[in-house]
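As structure tokens, the structure follows; a few thoughts come after it.
The values are calculated or read from the model by the stated rules, or taken from the named source; none is laboratory data. This structure is a prediction, so every number in the text was calculated from the model and none was measured. Here the Cβ positions follow ideal geometry from the backbone for every residue, glycine too, while neighbour counts run over all protein chains shown.
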Amino acid sequence: MKKPILLLAFLSFGLFTACDTDDDSPNETPQINEELLGIWYIDALIVEGEETPYNDHEDCGKDYVEFNEDGTYRQIDIWGCEEDVDEEGTYTATGNTISLTVSGNDVVVMDIVTLNSETLLVEGMDDVDDDGEEEGVQQRFTRE
């Protein structure tokens, strides 16, 4: 049950999946990359303004996403006190957008709403409840 929740919480923003766009904004913001680096713990999913705390952490560790200096990321699920790599790939942060290349070919694009030393908040649209209508979705991560 943890894996689907974690995947929904971060990577399955279905409508963030994108092909190449014609947006010519080549100004990569280095400070975003610097602030983005490291481990981010999943804190909450916010759908249409309604916040649901992420409560699927284990007592012995928290699920997290890690962004590395070499442009790679890992999504880790703590299951039975063991680290399980749910997803790996590469990322770029350009302006206020983060793009994750999942499994070599799927691209997930999210807008960065907040990024500072303590909080990462990303957003987009997705049909979270499978009713055929897109909802505004935000995902909040924190550091310890």
Inset, instruction - Scan segment 32-64 residue by residue and report those that are closer than 29 Å to GLU133 by Cβ and among the polar types (S, T, N, Q). - result: THR52, ASN55
Inset, instruction - Quick one: GLU35 ticks every box in (1) within 16 Å of ARG143 (Cβ to Cβ); (2) of a type in the set (D, E, K, R); (3) touching a Phe, Trp or Tyr at 6+ places or on another chain (Cβ under 8 Å) except a single one, so which number is it? - result: (3)
Inset, instruction - Go through (1) at pLDDT 90 or above; (2) more than 14 Å from ILE39 (Cβ to Cβ); (3) crowded, with 17+ Cβ neighbours inside 10 Å one by one and return the number of the condition ASP86 breaks. - result: (1)
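So which residues in segment 34-67 are over 14 Å from the mean Cα position of the chain (by Cα) and of a type outside the set (D, E, K, R), if there are any at all?
Looking only at segment 34-67, we keep the residues that are over 14 Å from the mean Cα position of the chain (by Cα), and these are 34-35, 47-53, 55-62.
The answer is VAL47, GLY49, THR52, PRO53, ASN55, HIS57, CYS60, GLY61.
So, of the residues in segment 98-144 that are β-branched (Val, Ile, Thr) and modelled with pLDDT of 95 or more, which turns out to be nearest to TYR54 (Cα to Cα)?
THR142
Let's see how each residue does on (1) touching a residue at least 40 places away in the same chain (Cβ under 8 Å); (2) part of a strand (DSSP E or B); (3) among the charged types (D, E, K, R):
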position: GLU69; (1), (2), (3): no, no, yes
position: GLU88; (1), (2), (3): no, yes, yes
position: ILE98; (1), (2), (3): yes, yes, no
position: VAL109; (1), (2), (3): yes, yes, no
position: VAL113; (1), (2), (3): no, yes, no
position: GLN139; (1), (2), (3): yes, yes, no
